[in-house]
Amino acid sequence: MITSFDKKINNILLRTKTITQEKSAELIEAANKENKSFADAVIDKQVLDENALLALLAVEVKIPPLITEKIATDEKILAIIPEDKANHYNILPLSKISNILTIAVADPFDVVKLDDIRLLTKCDLRMTLVLERHLKEAIKRAYNPDESHKIEEMVDDLTGEMGGPEIELSESEVADEKIDMSQITGEASDSPVIKLVNMLIFRALREGASDIHIEPYEKKVRVRFRMDGVLHEAFLPPKRLHNAIASRIKIMSALDISERRVPQDGKFQIKFEGRRIDFRVAVVPTVHGERVVMRILDSSSLNLKLDDLGFEEVAHKAFQKAINASYGMVLVSGPTGSGKTTTLYCAVKETFNPEENLITVEDPVEYQLPGILQVPVNPKQGMTFGAALRSILRQDPDIIMIGEMRDLETADIAIKAAITGHLVFSTLHTNDSVSTVSRLIDMGIDPFMVSSAVLLVANQRLLRKLCSNCKTPAEIPEKDLLAAGVTKDELGKATFFKQAGCPRCAGGYKGRAAIYEVLDIDDEVRRMVVKGASLLEIRDYAVNKLSMLTIRRAGLRKAMQGLTSLDEVLRNT
């Protein structure tokens, strides 16, 4: 948008007959269309070169011109005007003799800003004229004379906290083409920004983070790690580094670094301490720049067994029986990030044997399982869940794992597969186990088909575990315990603990454990589903007749065992 200073430059060029009215209109249109200043449009359209434009303006405003490459700054002079003020007012202090402060300005007509500078410095001003595009760079160089050195210091600080990184970028497969990442990073392997990004990744892996969030704001950039399901601030890099950091991550993920207006998704893989770790990258444009989120997928975290997941005894037996059935459907539900995929992978590993054909359909394939055929979904190429399922059913599978049932087509094919002799595992996003059944019916599946196919529904959450080193007994009023769901019989028998905090943990918590609400579909539940019974009726029957623990009761049991806190249970259930 054309500013008042742009209009003054335009008038000067017209008055000196440097441009015509037609050329003036053309330059104004170009400046507005390309979102640049009028002076930049004059230079870019080669009406005048930089030196000629600066000389012409200097003569008109009677202020001596200055070539910014020859500027020599002094720390004592720079201290007179802080960096944020220099950027805000777009001026650079050069020297001070007695009470006269010499400054470089781009807009000598902005008397309001100049008066502010006089009040701020309590000095009389002597001005030199600089083109705006040069002045911004000069301010950056003056206040940050050795950017690389500062970044190196940041890297050294992070290295001092965690030790040296052992990160090696692996080949990444994107859009069915193998990309040698060493070709992308070879010449810039010593770049300070590359070192900074590597160190952030290294630190996140060492601290056990599941996600890295890089969030730009108006005047700062914040890096946060998600650990045990909660975001913690990890680092505050300078705002001016944000674009460089985002571009580095986009290069690693084989994304378009020139595109900053639309969301992009990518992935890359690294070698870290002898193991391969996958990263899923999501980039979203915001008001103040691109927000980058990296999901860390460490296959070493899949070394869990079904017995380690946290099922209560009755629920464990029901789940074990369901996944060992010859056909039918086992569903795991819960919100995003509640560990559903991990539970399914454990079920797959538990049931897999070389005599059976086990195929998975996932979006994306989060962890590669040896000996199991895993099919990635690619909607852009027409490979949807429905298309993939229709295809793999012709591959004679015994067990099918579907990453998520998102639509009627996928659910319909999966239900029919479960009825016709296949064992199907899948997930749904619902708040409890009973509403998972009604969700299928709401999607358009016939109630009879749902009751015939579904064997079991497990709803789950992840709770942060109290640090065993620093947890302390908690004194909680009885009325609060009763309101939370603790029975009167349990009041005097259970001891609850709370978080304290120590060097070994993050705010009193370390690690996470799953809690489950398992609905075992028996004949009576099937009859209730077909008859259209309410969710409340099915829940009451499951709790009273099938001994189903609700998700809240499962969480309270973990709290009464000292595994987690009551606050954590209430936060998640």
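The values are calculated or read from the model by the stated rules, or taken from the named source; none is laboratory data. The structure presented is a predicted model; accordingly, all values stated were derived computationally and were not measured. No Cβ is skipped: glycine too gets one built from the backbone with ideal geometry, and neighbour counts run over all protein chains shown. To get the accessible areas, we keep the full protein, side chains included, count just its heavy atoms, and leave off ligands, DNA and RNA. Shrake-Rupley method; radii C 1.70, N 1.55, O 1.52, S 1.80 Å.
Key figures for this structure:
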item: Pairs, first within 15 Å of Leu54 (Cα to Cα) and touching a residue at least 12 places away in the same chain (Cβ under 8 Å) in the range 8-31, second of a type in the set (Asp, Glu) and open to solvent by 80 Å² or more (accessible area, probe 1.4 Å), C-beta under 9 Å, six or more apart; result: none
item: Every pair of residues 6+ apart whose Cβ atoms lie under 8 Å, when the first sits in the range 331-352 and is under 11 Å from Leu309 (Cα atoms) and in a loop (DSSP other than H, G, I, E, B) while the second is open to solvent by less than 20 Å² (accessible area, probe 1.4 Å) and modelled with pLDDT of 90 or more; result: Gly339/Gln460
item: Among the candidates Ala458, Ala411, Ala453, residue that is among the small types (Gly, Ala, Ser), more than 30 Å from the chain's Cα centre (by Cα) and under 21 Å from Thr343 (Cβ atoms); result: Ala453
item: Helices (runs of 4 or more DSSP H) contained in the range 478-550 and holding at least 2 residues over 23 Å from Gly328 (Cα atoms), out of contact with any strand residue (DSSP E or B) (no Cβ under 9 Å at 6 or more places or on another chain) and open to solvent by 20 Å² or more (accessible area, probe 1.4 Å); result: 478-484, 488-491, 535-545
item: The range 461-483, residues that are of a type outside the set (A, V, I, L, M) and out of contact with any Phe, Trp or Tyr (no Cβ under 7 Å at 6 or more places or on another chain); result: Arg461, Ser468, Asn469, Cys470, Glu475, Pro477, Glu478, Lys479, Asp480
item: Strands (runs of 3 or more DSSP E) (entirely within the range 210-296) containing at least 3 residues that are over 30 Å from Glu568 (Cα atoms) and more than 15 Å from the chain's Cα centre (by Cα); result: 264-272
item: Test: residue in the range 257-279 that is touching a residue at least 40 places away in the same chain (Cβ under 8 Å), open to solvent by less than 40 Å² (accessible area, probe 1.4 Å), touching a helix residue (DSSP H, G or I) at 6+ places or on another chain (Cβ under 8 Å) and under 30 Å from Val518 (Cα atoms); result: no
item: Hits in the range 451-477 (condition: open to solvent by 30 Å² or more (accessible area, probe 1.4 Å), more than 30 Å from Tyr327 (Cα to Cα) and in contact with a helix residue (DSSP H, G or I) (Cβ under 7 Å, 6 or more places away or on another chain)); result: Arg464, Ile476
item: Cross-chain or 6+ apart pairs with Cβ under 8 Å, the range 396-416 first and surrounded by fewer than 21 Cβ atoms within 10 Å (Cβ to Cβ), then in a loop (DSSP other than H, G, I, E, B) and of a type in the set (Asp, Glu); result: Asp398/Glu356; Glu404/Asp363
item: Some residue of the range 417-435 being open to solvent by less than 10 Å² (accessible area, probe 1.4 Å), among the hydroxyl-bearing types (Ser, Thr, Tyr) and without any contact (Cβ under 8 Å) to a residue 40 or more places away in the chain; result: no
item: Candidate set: the range 319-338, residues that are under 21 Å from Arg552 (Cα atoms) and surrounded by fewer than 21 Cβ atoms within 10 Å (Cβ to Cβ); chosen: the one farthest from the chain's Cα centre (by Cα); result: Pro335
item: Test: residue in the range 312-334 that is in contact with a Ser or Thr (Cβ under 6 Å, 6 or more places away or on another chain) and under 20 Å from Arg464 (Cβ atoms); result: no
